[in-house]
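Everything on this sheet refers to the single structure shown next.
Only the coordinates and a few stated rules stand behind these numbers; no lab work does. Since the structure is predicted, the reported quantities are computational estimates derived from the model, not experimental observations. Ideal geometry is used to build each Cβ from the backbone, glycine not excepted, and the neighbour counts take in all protein chains shown.
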Amino acid sequence: MLITFEGIDGSGKSTQARKLYEYLINSGYKASLYRDPGGTELAERIRELILDFDVNPITELLLFETARSSLVWERVFPDLKEGRIVILDRFIDSTVAYQGYGREINLGTVSILNHIAIRGRKPDITFLLNVPLDVALTRVGQKRTRFENGEYLRKVRDAYILIAHQEKERIVLLDGTRNEDEVFMEVLKLLKERLGLDLLKC
Ligand code: ADP
Ligand code: TYD
């Protein structure tokens, strides 16, 4: 089972991804948690490059996809084969929102590269944490990267909501302004309703 968390920076994705990972491990499941870009040494290095260099949009897109294919081939596929539940902090929808809608790269191009990087293995469920821009920016604080400026993030946030409406069977839009535990209880409830993963009784 492949579960992803998405949302703009400061939406609370990493917090929820970690909570779910710890909950699964404590409940006796075999689970893995990776961040995208990241998860392998190569992908972690690419992540640093992306954050350090202000590259053109296509180069940026290709770097994200290269990192992703490394994560998918070297970690996600083997883990899924072993029967692990794999949790990802960001994945394909980030690229559609940030590079497709945000940087205005052709959406067909983004979709093809996403498809190649993940070999068509889409997540079984995607939790999209939705928070207003001001809440996200307050949570991020002063430590902003080049991805975290207000105007750009507004486009990305709108894009995420659009993507969620287009893929309702996979993507669940969650109100991320509630406290961490309330959001997490909804995550558990939805995993039961949509995937039959009954964690509440654990
Ligand atoms: P993201 O991974 O989406 O950038 P994080 O999970 O790292 O977001 O959270 C960003 C900041 O907001 C952290 O300081 C975290 O403790 C805080 N935070 C996360 N979830 C919530 C929440 N539901 N309510 C209030 N603050 C939160
Ligand atoms: P990350 O550090 O995980 O962001 P945060 O923890 O703040 O949510 O990701 C680094 C940045 O990379 C983030 O601002 C979003 C951006 N990003 C893209 O632009 N495209 C992508 O495909 C991915 C995965 C991330």
Fraction of alpha-carbon pairs in the chain farther than 21 Å apart, rounded to whole percent, equals 50 percent
For E22, placing the label point 7 angstrom along Cα-to-beta-carbon and taking the range 1-16, residues whose amide nitrogen sits under 16 Å are 12-16
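Rounded to the nearest 500, what is the 222 nm mean residue ellipticity of the chain from helices alone, with -39500 (n - 2.57) per DSSP H run of 4+ residues and division by all residues?
Details: 9 runs with 103 residues, N = 202.
Calculated at 222 nm, the ellipticity per residue is -15500 deg cm²/dmol.
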In whole angstrom, the spacing between the Cα centers of the range 119-179 and the range 52-78 equals 19 Å
Checking L80, L129, L33 against a Gaussian network model of the chain (alpha-carbon springs below 10 Å), the top fluctuating residue turns out to be L80
Assertion target for H115, H165, ordered by fewest C-beta neighbours within 10 angstrom first, is H165, H115
Out of F53, F184, F127, a Gaussian network model of the chain with alpha-carbon springs under 10 Å gives the largest mean-square fluctuation to F53
Residue separation between K168 and T138 times 0.36 nm, minus their alpha-carbon distance, gives in nm 7.9 nm
Stretched fully, the stretch from D175 through I58 gains (0.36 nm per residue minus C-alpha distance, one decimal, in nm) 38.9 nm
In a Gaussian network model of the chain with springs linking alpha carbons closer than 10 Å, the residue among P57, P123, P37 that fluctuates most is P57
Placing each pseudo-label 7 Å from Cα in the direction of the beta carbon, R154 and E182 end up separated by a distance in nanometres of 2.7 nm
